[in-house]
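The values are calculated or read from the model by the stated rules, or taken from the named source; none is laboratory data. Bear in mind that the values here come from a model prediction, so they are computed numbers and not experimental data. With ideal geometry, Cβ positions are generated from the backbone for all residues, glycine too; neighbour counts draw on all protein chains shown. Surface areas here come from the heavy atoms of the whole protein model, side chains and all, with no ligands, DNA or RNA. Shrake-Rupley method; radii C 1.70, N 1.55, O 1.52, S 1.80 Å.
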Amino acid sequence: MNTSLDRKDHILPDLLGAINSIRLYSHNHPQARSSVVQLMDRINQVLGAEDRLIVGVFNENMLVDQKPVVGNGRVSEAMVRVLREVNIDQIVFLKGLEAEELSAFLSDTFGTGGDNLGPSDYAHILLGRISEEEIADNHKKVDSIVDLDSSQDFIWMLQNLDFQKSFNFNTVKNLSVDLVDTFRYSASPLKYLAEVKSEDEYTYVHTINVALLAMSLAKHIGIAGSELLDIIYAALMHDVGKMLVSKKILNKTGPLTPDEFEIIKSHTLKGVMYLCNQKGIPRISILAALEHHIKYNGGGYPNITDTWKPHFVSQMISIADIYDALRSNRPYRTRLDHDQILGILRHDAGTGLNPKLVESFIEMLSHQEME
């Protein structure tokens, strides 16, 4: 998935800018003309290769070509309001559109005292509503979270990580956006948690499962937009230090020796050191790599200070991490059933885990079980 500056959803700031200019000035004003030209350029970037470009609202979310827009919260919220004001749910720009027709449409529809003309008034602009059937047709069909192409790209990246070189953070961004896009309309994303088929793939699959669990918890407590993406980034990168730990130790079937356990524990600091040497990594990703084994009451590892309190996002990832680890078969134990896991989470609430987040996590799971 392309997340560069030329992606389609970058039409939204230009469209909103043109609408605001039309509202502030006449459509012949230089500022309004300049905004329309900029918007027309953006539309032409898409219509040069495609026959149409669709902008619309569904369930108070902005969509471009029927895919949810992520990480542009204020612009999206403003566009929802603007379209609702003129009772439009969908705008379709067709190939052949020119600036004069676009300017007339914006002036007639959004300008002060505009006539709000109907869909048949423009040769290359159609207005209408987005149906739930259209959303379903465009929704990614997956049986498991690892079926996403971006999941496979992410796993390949981890498998081939070279700690002497930088890595492509776009791989993490692409998977994060795909998770939000794919499961925005899913009743129960947790149904798509992947099962681990071999010990060699445990760390990779577990990491993606943790990201889906952390995303679901974040959405349940009301986090959205760029903050939601940051949480997914952090979850995907929280265990990167394990790539520096010997697979022989990670996959050991018997009890770990004290020395081996110290090596396992070192993955948090190793992950931090690796991420600190990368460019463009959100600070919260580095913090989560450090803190995801620090307990709510200050215990755990690494032992920084007795009064150290892990970040709220790290606390969310800790809960997701424990839940997926306990539901997975491991060399040294079989998976636990759902009620056993919830019992452990409740037992650790207030000591190892944030009690309010545990309550929210269990509530989220119960809601999804009923759907």
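Charge dipole (Cα centre; +1 on Lys/Arg Cβ, -1 on Asp/Glu Cβ; no other charges) of the stretch 271-353 amounts to roughly 180 debye. With Cα atoms defining each centre, the stretch 301-360 and the stretch 220-262 are spaced 13 Å apart in the structure. Look at the dipole of the stretch 296-371 built from charges on Cβ: of 364, 305, 353, the Cα furthest out on the positive end belongs to 305. Using a 7 Å offset from Cα along Cα-Cβ at residue 247, what residues in the stretch 317-352 end up with backbone N under 19 Å from the label point? The answer is 329-332, whose backbone nitrogens lie closer than 19 Å to the label point. Modelled spin labels at residue 279 and residue 51, positioned 7 Å past Cα toward Cβ, are 4.2 nm from each other. Taking all protein chains as shown and a probe of 1.4 angstrom, residue 345 keeps an accessible surface of around 0 Å². Evaluated with a Cβ-only charge set (Lys, Arg +1; Asp, Glu -1), the chain carries a dipole of roughly 1220 debye about its Cα centre, given to the nearest 20. What accessible area per residue comes out for the stretch 280-371, rounded to a whole number of Å², with a 1.4 Å probe? Per residue, the stretch 280-371 has 49 Å² of solvent-accessible surface. Each label was represented as a point 7 Å from its Cα along the Cα-to-Cβ direction; for residue 74 and residue 29 these points are 2.1 nm apart. Which label marks the calculated value of Rg/Rh (Cα atoms, Kirkwood Rh), given the options [x] 0.97; [y] 0.93; [z] 1.05? Answer by label: [z]. Using a cut-off of 24 Å between Cα atoms, the listed pairs 279/356; 173/242; 191/219; 191/265; 191/270; 191/242 include 279/356; 191/265; 191/270; 191/242 as exceeding that distance.
Based on C-alpha pairs under 8 angstrom that are at least 6 apart in sequence, the stretch 311-357 has a relative contact order of 38 percent.
The relative contact order of the chain, computed from alpha carbon pairs under 8 Å that lie at least 6 residues apart in sequence, is 12 percent. Membrane-span-like helices in the chain: DSSP H runs reaching 30 Å or more (Cα, own axis), mean Kyte hydropathy at least 0.5? Sorted by number, there is nothing, because no helix extends far enough and scores high enough.
If R0 equals 35 Å, the separation of the Cβ atoms of residue 306 and residue 259 corresponds to a calculated FRET efficiency of about 0.90. Roughly how many Å² of residue 312 are accessible to a 1.4 Å probe, to the nearest 10? Estimated to the nearest 10 Å², residue 312 gives 90 Å².
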